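See structure below.
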Amino acid sequence: MPDPRRETATMPSRFRQCRAWLWLALAGALLAALPAVAQQPRPAPLTAEDKAEIGRVEDYLNGLKTLQTRFLQVTSTGEYSEGKLYLHRPGRLRIEYDPPVPVLIVANRGWLTYFDKELEQVSRVTLDSTPAGILVREKISLLSGEFVITGFERESQALRISLVRASDPQEGSLALVLADRPLELKKWMVTDAQGVTTTVSLLDARTGVAIDSKLFEFEDPTFFKPRQE
């Protein structure tokens, strides 16, 4: 597994390393999707028992008010990165990448901010216009019709749910993996429009913890910076 610490991250490599968060948080606003042939997603044949299990996952996610964890991110193209994640539902999210990836992502008050510290570039989009709402919305409903469940797998100690957004299945697919009995979110896999899969694993996650509200405030360091002639 290649270690990104061996070299300084370039702009393209940073975007690849952040692919999972960008799909969830910025979608096509920051990553231009390649042209693709429109295909309708094929729903998985869910039994009544499957739907009951997915409903149990919904209840777990809706009961998840705060989460603090480290994460490990690996892509199918070989990139590797780590960082910290803070989540406070509804509406608040903070993602900090470890060096050398100089990226900070903050969601609050209906907006999501992407900050490249090295390039001193700030991008913002409305949170409701991005798939990040899946994580931080007040009510999570996987069976509401907003998503197409394309796969459901039940193992002895784990559940896996694969889904796409019904309105735009080409933007990518998401698979949630949870330990079972008790339920605990362990990882997710994102496959983007280019076919690149990114796996994000949560390490030593803590839920129900107090999180400083200041972590979800973003002060733009470039706002008052004088322009260089």
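Within segment 92-129, the set of residues being surrounded by fewer than 20 Cβ atoms within 10 Å (Cβ to Cβ), under 19 Å from L215 (Cβ atoms) and either of a type in the set (S, T, N, Q) or within 14 Å of the chain's Cα centre (by Cα) (or both) comprises E96, L104, N108, T113.
Looking only at residues of segment 141-167 that are surrounded by fewer than 18 Cβ atoms within 10 Å (Cβ to Cβ) and basic (K, R), we find that the one that is farthest from K187 (Cα to Cα) is R154. Before we move on, is S81 in a strand (DSSP E or B), among the polar types (S, T, N, Q) and farther than 19 Å from A205 by Cα? No; evaluated as a whole, the condition is false for this residue. Among residues of segment 81-93 that are under 14 Å from L104 (Cβ atoms), those with a beta-carbon under 6 Å from a residue that is of a type in the set (G, A, S) and buried (at least 20 other Cβ atoms within 10 Å of the Cβ) at least six positions away or on a different chain give the pairs L93/A107. Looking at L26, L34, just one residue is surrounded by 15 or more Cβ atoms within 10 Å (Cβ to Cβ), at pLDDT below 95 and of a type outside the set (S, T, N, Q), and that residue is L26.
Please work out which one of (1) over 15 Å from the mean Cα position of the chain (by Cα); (2) within 24 Å of G78 (Cα to Cα); (3) surrounded by 13 or more Cβ atoms within 10 Å (Cβ to Cβ) is the condition D204 fails and give its number. Result: D204 fails condition (3) only.
The values are calculated or read from the model by the stated rules, or taken from the named source; none is laboratory data. Values in this document were obtained by computation on a predicted structure and should not be read as measured data. Neighbour counts are summed over all protein chains in view; Cβ atoms, including those assigned to glycine, are modelled from backbone coordinates with ideal geometry.
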